[in-house]
Amino acid sequence: MKNFFQDVYKNRVWLLMVLPGTIWFLLFSYLPMFGTVIAFKNFRFDPNGFFASVQNSEWVGFENFKFLFNTNDAWIITRNTVLYNLVFIVLGLVLAVFVAIVLSELANKRLSKIYQTGMLFPHFLSWVVVSYFVFTFLSVDRGLLNNMLGWLGIDAISWYNEPKFWPAIIILTSIWKGVGYGSIVYLAAIVGIDRTYYEAAMIDGASKWQQIKSITIPLITPLMVILTILNIGRIFSADFGLFYQVPRDSGPLYSVTNVIDTYVYRGLTTMGDISMSTAAGLYQSFVGFILVLLTNYLVQKIDKEYALF
């Protein structure tokens, strides 16, 4: 115990630096985990407060999960969440690495920084702002796309009532907003590569493509694997703003825009079914946890050095 306090005192500066993040995780990630018991109860409000409500609500076991999976909603929200995230992971990885390599190869570094700033800017925009950008293109009356269709003699499209267009719109919007940030992460890794590797390759007569294929990509592969494992762990978590704000919560689009996060939100705000919403959220977290373990296990079988733990 004495050694423990000595270590704490010795590392007090570093511990104080991580203290705000630790408190944030305790309050917003670990403490709310006690509320998962609501998924196994028929939650009813009690005048004596929240804890009394949890304690006095009837225990129903897995009934909330049975009800969730017996509806068509379970299949729709799971399908949408998983398929969209698979596309985001693959395209996000490929495009982020591609953009990072292109930026690292630009000879004019000032121009490279301008490109970096321009591509990173969408990451800091809220989805509410982005939804209005999208609306300026897709508005039925004054949307840019419908105006262009009018010039070509084509009837205007009611974009917010046509589900068939929205998978592509959702994917393009997500990539536009996120690829800049992803490329900066990989660009930082590329900049950290020892330049003597490239100098030796140039002496041997390697072309730019051969340098990228034989040096850049192999050396950033560990980072690519780690970020992919983390992203797979979040495959059951969707970006709420993307799927709620951008489609403007349009009912006709639910078949292609309703995901687990929006389902939980609507369950709380519209139906007021706290037990069902908690069950959906717990289902989401549990499957994500299993996917992280499974993916890490598969990576360990291929190459232990690339595994997350």
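The values are calculated or read from the model by the stated rules, or taken from the named source; none is laboratory data. What you see is a predicted model, and the numbers here were worked out from it, not measured in a lab. Positions of Cβ are backbone-derived with ideal geometry, glycine not excepted, and every protein chain shown enters the neighbour counts. For accessibility, only protein heavy atoms count, side chains too; no ligands or nucleic acids. Shrake-Rupley method; radii C 1.70, N 1.55, O 1.52, S 1.80 Å.
Observations, loosely collected:
- Looking across the stretch 191-213, the residues that are more than 19 Å from Leu106 (Cα to Cα) and assigned to a helix (DSSP H, G or I) come down to Ala200, Ile203.
- Filtered residues of the stretch 109-124 (kept if surrounded by fewer than 13 Cβ atoms within 10 Å (Cβ to Cβ) and either of a type in the set (Gly, Ala, Ser) or farther than 25 Å from Ala189 by Cα (or both)): Gly118
- The set of residues in the stretch 84-140 that are farther than 24 Å from Lys213 by Cβ and small (Gly, Ala, Ser) comprises Gly118, Ser126, Ser131, Ser139.
- Restricting Pro222, Pro167 to residues that are open to solvent by less than 90 Å² (accessible area, probe 1.4 Å), part of a helix (DSSP H, G or I), in contact (Cβ under 8 Å) with a residue 24 or more places away in the chain and farther than 29 Å from Ala307 by Cβ narrows the list to Pro167.
- Test: residue in the stretch 75-94 that is farther than 30 Å from Leu187 by Cβ and surrounded by fewer than 16 Cβ atoms within 10 Å (Cβ to Cβ): yes
- The one condition in (1) closer than 29 Å to Leu230 by Cα; (2) not in a helix (DSSP H, G or I) that Arg79 fails to fulfil: (2)
- With respect to (1) more than 22 Å from Leu227 (Cβ to Cβ); (2) of a type in the set (A, V, I, L, M, F, W, C); (3) out of contact with any Phe, Trp or Tyr (no Cβ under 9 Å at 6 or more places or on another chain); (4) in contact (Cβ under 8 Å) with a residue 40 or more places away in the chain, the lone exception for Val185 is condition (1).
- Residue under evaluation Met271, criteria (1) of a type outside the set (Lys, Arg); (2) within 30 Å of Tyr132 (Cβ to Cβ); (3) open to solvent by less than 70 Å² (accessible area, probe 1.4 Å), criterion not met: (3)
- Every pair of residues 6+ apart whose Cβ atoms lie under 6 Å, when the first sits in the stretch 97-108 and is surrounded by fewer than 17 Cβ atoms within 10 Å (Cβ to Cβ) while the second is polar (S, T, N, Q) and at pLDDT below 85: Leu106/Ser112
- Verdict on Ile215 being of a type in the set (A, V, I, L, M), surrounded by fewer than 20 Cβ atoms within 10 Å (Cβ to Cβ) and touching a residue at least 60 places away in the same chain (Cβ under 8 Å): no
- For the stretch 293-309, a tally of residues being part of a helix (DSSP H, G or I) and open to solvent by 30 Å² or more (accessible area, probe 1.4 Å) returns 10.
- Residues that are under 14 Å from Tyr84 (Cβ atoms) and part of a helix (DSSP H, G or I) were ranked within the stretch 238-253; the one that is most open to solvent (accessible area, probe 1.4 Å) is Phe240.
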